[in-house]
Amino acid sequence: MDFVKLFKNLGLQDKEPEVYLALLKLPGVQPASVVANHTGLNRTTVYKTLIKLAKMGLATKTMRRGILCFYAEDPSDNLENVLVERKKQIDSLHQELITALPGINELKKQEMLSPKMRYYEGIEGLKRVYEDTLIESNTIYAFENVATMAPEVNDFIFTEYVKRRVEKGIFAHVITPKNKSNQNFQKDDKKAMRKTKFVSKTPFPLEVEINIYGNKTAFFSYKKEEMFGAILESESIASSMRAIFNFCWQFVK
């Protein structure tokens, strides 16, 4: 049996379990130097630890030939006393926790009310943002424009991302400017689990992509010279962005 682990669970701390175990194994009364030799710890550490064990009632101090020595008390009663004391400490801590919980919960509520923003750069950063849209399997509402994608982003979207989105059964509603690239994009709607509608590219160029999913809104800038992504986590913002998307959806074809 692992006695050191047991002693730690009972409440002994730092080097107390090792020193106490060594003292139990040693015969009779021993100075700190002998206990130190059996533990591999330095004498000063062992001496201070033995003093603590004596205060806990697990060891007794005695003088032999002018040297302070120690011996282990009968563990049958004394270890149980340590456990009783440990239980008192846990009960006291439990009461402190019950008292403090309302205040702790208020801190969490304040955090939940504050939007969380994560920002990523480069192609690998964009991939991380796209991956986030697949985590919770929520329907995706997107403003996007394939025509403005850098080649490496386009390659990732059509060779990896769309395939994984379909495998996870996540449907996408897309509003995009009407141009040749996006018209070709629309042709694959059925197998890509997607519904695409067009908006005029003149007043609505849509140079960045916006995805609304669950309680998050993701922004993608995927031009070669400006490549980054950001995730804004806020239920109220995502809900408002979804409402804007649904309003636009009614008037596009």
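The table below lists the values:
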read-out	value
Subset of the range 143-170 (residues that are surrounded by 14 or more Cβ atoms within 10 Å (Cβ to Cβ) and over 28 Å from the mean Cα position of the chain (by Cα))	Phe143, Glu144, Asn145, Val146, Ala147, Thr148, Met149, Ala150, Glu152, Val153, Asn154, Phe158
Matching option when the condition is closer than 30 Å to Gly11 by Cβ, in contact (Cβ under 8 Å) with a residue 24 or more places away in the chain and outside the structural domain of Gln186 (by TED's automatic domain parsing), among Leu58, Leu97, Leu101, Leu93	Leu58
Residue match in the range 197-216 (condition: closer than 15 Å to Glu131 by Cα, of a type in the set (A, V, I, L, M, F, W, C) and either in contact with an Asp or Glu (Cβ under 6 Å, 6 or more places away or on another chain) or not in a loop (DSSP other than H, G, I, E, B) (or both))	yes
The range 127-154 residues that are within 17 Å of Asn184 (Cβ to Cβ) and assigned by TED's automatic domain parsing to the domain that holds Met241, paired with ones that are buried (at least 20 other Cβ atoms within 10 Å of the Cβ) and of a type in the set (Ser, Thr, Tyr) (beta carbon under 8 Å, 6 or more apart)	Glu144/Thr176; Asn145/Thr176; Val146/Thr176; Thr148/Tyr222; Met149/Tyr222; Val153/Tyr222
Residue check for Tyr119: aromatic (Phe, Trp, Tyr) and loosely packed, with under 15 Cβ neighbours inside 10 Å	yes
Close pairs (6 angstrom Cβ cut-off, 6 or more residues apart or separate chains): acidic (Asp, Glu) in the range 217-237, assigned to a loop (DSSP other than H, G, I, E, B) anywhere	Glu235/Asn215
Residues of the range 224-243 satisfying the condition of being assigned to a helix (DSSP H, G or I) and hydroxyl-bearing (Ser, Thr, Tyr)	Ser236, Ser239, Ser240
Selected residue (only one of Arg64, Arg43, Arg86 is touching a residue at least 40 places away in the same chain (Cβ under 8 Å), more than 30 Å from Ile231 (Cα to Cα) and basic (Lys, Arg))	Arg86
Where Asp74 falls short, out of the listed (1) within 26 Å of Gln89 (Cα to Cα); (2) crowded, with 17+ Cβ neighbours inside 10 Å	(2)
Checking Ile170 against (1) assigned to a strand (DSSP E or B); (2) out of contact with any Phe, Trp or Tyr (no Cβ under 7 Å at 6 or more places or on another chain), the condition it does not meet	(1)
One residue from Asn37, Asn81 being under 19 Å from Val4 (Cβ atoms) and surrounded by fewer than 17 Cβ atoms within 10 Å (Cβ to Cβ)	Asn37
Within the range 192-238, considering residues that are among the hydroxyl-bearing types (Ser, Thr, Tyr) and over 18 Å from Ile175 (Cβ atoms), the one surrounded by the fewest Cβ atoms within 10 Å (Cβ to Cβ)	Ser236
Per-region count, the range 9-48, residues under 18 Å from Asp74 (Cα atoms) and either in a helix (DSSP H, G or I) or in contact with a His (Cβ under 6 Å, 6 or more places away or on another chain) (or both)	12
The range 8-21, subset touching a residue at least 24 places away in the same chain (Cβ under 8 Å) and among the hydrophobic types (A, V, I, L, M, F, W, C), residue farthest from Ile90 (Cα to Cα)	Val19
Among the candidates Asn138, Asn154, residue that is in a helix (DSSP H, G or I) and of a type outside the set (Ser, Thr, Tyr)	Asn154
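The values are calculated or read from the model by the stated rules, or taken from the named source; none is laboratory data. Every value quoted in this text rests on a predicted model; they were computed, and no experiment measured them. We place every Cβ from the backbone using ideal geometry, glycine too, and count neighbours over all the protein chains shown.
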